[in-house]
Amino acid sequence: MTVSYNPITSDPFAAVSATEATSRHASLSRQLVGGTPVLRISEPFAGAGHGFWAKLEGFNPGGMKDRPALHMVERARARGDLAPGAQIVESTSGTLGLGLALAGIVFGHPVTLVTDPGLEPILRQMLAAYGAHVDIVTEPHPTGGWQQARRDRVRSLLQLDDTAWCPDQYSNPDNVTGYNPLGVELIAQLRHVDVLVCSVGTGGHSAGVAHALRQFNPDLEVVGVDTVGSTIFGQPAQSRVMRGLGSSIYPRNVDYDQFSEVHWVGPAEAVWACRTLAATHYATGGWSVGAVALVAGWLARTRLADTRIAAIFPDGPARYYGTVYNDEYCRAHHLLDVPVPTGPRTIDDPLNEVATSWTRCGSVVDPTRIRRAEPAS
Ligand SMILES: Cc1ncc(COP(=O)(O)O)c(C=O)c1O
């Protein structure tokens, strides 16, 4: 990694001046983050002559969220919300944690990451190696699950340090605009995009990339991919095996109006897709990559061959050796030896029908708006 301090002799958390931070940021951004490749994915996900383009964000050093992490920190410093050398505290399932660890090094901030026991051991070790403090909550919130428990813990940590700053990736608009360059790269690589397929967690990358692509194609279709058991698109909260995509809260960055349809994918289907991607295209990743590939492949199969479909693959496989690619884990969770997923079941009303395996719905609702519209009892 090219950073402009000597890690042996300098204090990595020494406050970095605006000019120095800007030049480090410019240099790291140019050399390490962005400029990720696209790869054509075809059979067996799509039929002969059909396919989609995968944007391989796993080529960033920490994954897709290196982009918004650097952007959110830079913007907060520019606004004066984050003072030089002040602590960054955030709730994360891992990917933003990697990006914030990078931003902490670039801009000279200590980073505390609040996560839960599901964090993969390799990630915990790497985050510590990158200098972040990892704080693990031990109990889920009774209704808001692990995510709410993490957010509550962030709140109490912020109360202990009045200079600390929380990026709040769930509602920070800079999490969305941080993906503008990704959209611009896609246009440079593909020239035109008809359909964008994105996993949804905070809603940041689907909103940001869609906004950028719409400047070039106002008729862009956006397809959201969630996990079974996630509340984002109106399903009841259930325990979830898949991490990264999905939520047990309603993140404000989810731009419901832009989605033309949503798919929920189950963990066994995502495992099949991840392992099949590895065996047929070498490029693969984690839960969200598998889920997105499954949906993008189905869209490619069911659309005209010249429909240009772009799918965002948020990360690579390294973090998932103990889960998606681990036979013992997969057997224990009944994720192997399932029928090859061929297509989704279709439902009309996500508020009244529960998705337990790959399911799609052609009308997307914002569950918070529906709830607000209900008369008070
Ligand atoms: C691996 C992975 N995939 C997908 C997502 C969802 O992305 P977004 O938060 O931009 O909706 C996340 C979010 O944490 C993630 O970590």
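Listing for the model above:
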read-out	value
Relative contact order computed over the range 235-377 (Cα-Cα under 8 Å; 6+ residues apart), in percent	32
For the range 279-377, accessible area per residue (1.4 Å probe, heavy atoms of protein chains only), Å²	53
Exposure of W146 as accessible area (Å², to 10), given a probe of 1.4 Å and all protein chains	90
Listed residues G203, G99, G131, most fluctuating in the chain (Gaussian network, C-alpha, under 10 Å)	G131
Heavy-atom accessible surface of the chain: percent carbon and sulfur, 1.4 Å	53
Residue of E328, E269, E90 that the Gaussian network model of the chain assigns the largest fluctuation, springs spanning Cα pairs under 10 Å	E328
Accessible heavy-atom area order of R151, R243, highest first, probe of 1.4 Å	R151, R243
Cβ-derived FRET efficiency at R0 35 Å, D219 paired with A78, nearest 0.05	0.50
Accessible area of the range 44-92 divided out per residue, in Å², using a probe of 1.4 angstrom	31
Full-extension gain in nm, A278 to I122, via 0.36 nm per residue minus C-alpha separation	54.2 nm
FRET efficiency, N180 to D306 (Cβ-Cβ, R0 25 Å, nearest 0.05)	0.40
H334 versus L158: modelled label distance in nm, points set 7 Å from Cα along the beta carbon direction	4.0
Listed residues M72, M126 arranged by accessible area, highest first, probe 1.4 Å	M126, M72
Extension reserve of the S357-Q238 stretch, reckoned as 0.36 nm per residue once the Cα distance is removed	41.6 nm
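The values are calculated or read from the model by the stated rules, or taken from the named source; none is laboratory data. Remember, it's a predicted structure, so these values are computed and weren't measured experimentally. All Cβ positions, glycine included, derive from the backbone under ideal geometry; neighbour counts span all protein chains shown. Just so you know, the surface numbers come from the protein's heavy atoms only, side chains and all, with ligands and any DNA or RNA stripped out. Shrake-Rupley method; radii C 1.70, N 1.55, O 1.52, S 1.80 Å.
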